[in-house]
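Novice: Take a look at this one; I'll ask things after.
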Amino acid sequence: MLDYDTEAAVYDATRGGIERARAAATAFHTLLPTTGTIADLGGGTGIVSAELATPHRHVCVVDASAGMLALADRRLPGNALRADATALPFGDRSLTAAICSWLLHLIPSALADAVASEAARVLAPGGIFATTTDKNAGHDVGSDIDVIVNRLHATVALPPDTGDDPQRLTEVLAPLGVHPHATATFTGTGQGRTPAGFTAHLESGRHFQWTPGLTQDAVDEAATAMRLLPDQHRARPEPVFTVTAWRRDP
Ligand SMILES: C[S@@+](CC[C@H](N)C(=O)[O-])C[C@H]1O[C@@H](n2cnc3c(N)ncnc32)[C@H](O)[C@@H]1O
């Protein structure tokens with residue numbers, strides 16, 4: 001996990017800015033109640049949360065990073081809470097909804113399950129838990145870059161432990177009375193991959209974080225193949241991401 005206290009200064013500008021936040025918020029919006037109180041877990045700088053807040057819908061940003069929350073507090077004054085998403089400072093069945101935008105893919109499945117369970121605890125009857133899911137699948141647009149990335153991932157015996165797998169989350173939530181409700185999608189505007197950009201990503205070593213078990217040889221081979229692709233700086237199609245929602249039984 002990145003040090004988000006340090007990352008805060010550049011987070012919004014390097015993650016697609018307000019355009020990305022509005023696209024994500026539009027997808028969340030279609031799944032959420034229009035009134036009540038929503039907690040945005042791992043809400044960071046509040047750039048998505050602020051797009052969801054209305055005079056009738058109160059949004060509270062919950063995050064572990066003081067640096068990220070300082071920016072959230074500017075967007076939603078008095079509504080930025082420092083807390084771990086697995087131990088929320090809300091009572092049982094007290095919220096209309098809880099959301100996670102780009103949190104669960106960052107953390108191991110056991111921790112993601114704990115976040116989902118905690119979200120279920122605070123949902124009022126009929127309340128919604130919505131989160132971005134299956135980020136890796138969203139990035140696979142069937143491009144020549146993806147052929148190389150998929151070949152690289154196939155070198156690993158076990159699939160990565162992804163916190164944002166919606167099927168596993170459904171299994172965690174069902175015994176808690178929270179069941180699949182609906183899904184929505186949004187386009188990762190400006191996030192189409194380029195061969196040059198992905199080579200730099202591979203060479204940064206960060207891909208090992210996403211896909212444990214990779215060998216340096218396999219990554220080097222993928223970087224070499226990436227450099228041979230045409231149009232090194234032409235972005236391939238933009239990713240399409242999914243938001244999945246579950247609803248607490250009335
Ligand atoms: C990739 S950022 C997403 C921020 C925001 N949701 C967005 O879409 O712009 C992930 C955020 O999750 C926060 N985070 C990570 N683990 C957390 C935890 N266990 N509890 C609360 N926040 C956490 C980080 O501090 C960071 O701000």
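Novice: Regarding Ala64, is this residue free of Cβ contacts under 8 Å to residues at least 60 places away in the same chain, surrounded by fewer than 21 Cβ atoms within 10 Å (Cβ to Cβ) and closer than 30 Å to His207 by Cα?
Specialist: No; evaluated as a whole, the condition is false for this residue.
Residues are listed down the side, and each one gets a yes or a no for (1) within 15 Å of the ligand (Cβ to nearest atom); (2) part of a strand (DSSP E or B); (3) at pLDDT 95 or above; (4) not hydroxyl-bearing (Ser, Thr, Tyr):
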site: Ala50; (1), (2), (3), (4): yes, no, yes, yes
site: Val62; (1), (2), (3), (4): yes, yes, yes, yes
site: Gly67; (1), (2), (3), (4): yes, no, yes, yes
site: Asp92; (1), (2), (3), (4): no, no, yes, yes
site: Ile99; (1), (2), (3), (4): yes, yes, yes, yes
site: Val115; (1), (2), (3), (4): yes, no, yes, yes
site: Pro125; (1), (2), (3), (4): no, yes, yes, yes
site: Ala137; (1), (2), (3), (4): no, no, no, yes
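Novice: I'm checking my understanding of the structure. Among residues of the stretch 76-92 that are over 18 Å from Met1 (Cβ atoms) and within 20 Å of the chain's Cα centre (by Cα), which one is surrounded by the most Cβ atoms within 10 Å (Cβ to Cβ)?
Specialist: Per the criteria, the residue is Ala80.
Novice: Hey, does the stretch 235-246 have a residue that's closer than 25 Å to Ala97 by Cβ, surrounded by fewer than 16 Cβ atoms within 10 Å (Cβ to Cβ), under 17 Å from the mean Cα position of the chain (by Cα) and modelled with pLDDT under 95?
Specialist: The answer is no, given that none of the residues of the stretch 235-246 is closer than 25 Å to Ala97 by Cβ, surrounded by fewer than 16 Cβ atoms within 10 Å (Cβ to Cβ), under 17 Å from the mean Cα position of the chain (by Cα) and modelled with pLDDT under 95.
Novice: Let me ask something else. Against the condition within 12 Å of the ligand (Cβ to nearest atom) and touching a residue at least 60 places away in the same chain (Cβ under 8 Å), how does Gly36 come out, does it pass?
Specialist: no
Novice: Of the residues Pro33, Pro55, only one is surrounded by fewer than 14 Cβ atoms within 10 Å (Cβ to Cβ), more than 22 Å from Pro108 (Cα to Cα), modelled with pLDDT of 95 or more and not aromatic (Phe, Trp, Tyr); which?
Specialist: Only one candidate passes the filter, namely Pro55.
The values are calculated or read from the model by the stated rules, or taken from the named source; none is laboratory data. Because the structure is predicted, anything quoted here is derived from the model rather than measured. Using ideal geometry, Cβ is built from the backbone for each residue, glycine included, and neighbour counts are taken over all protein chains shown.
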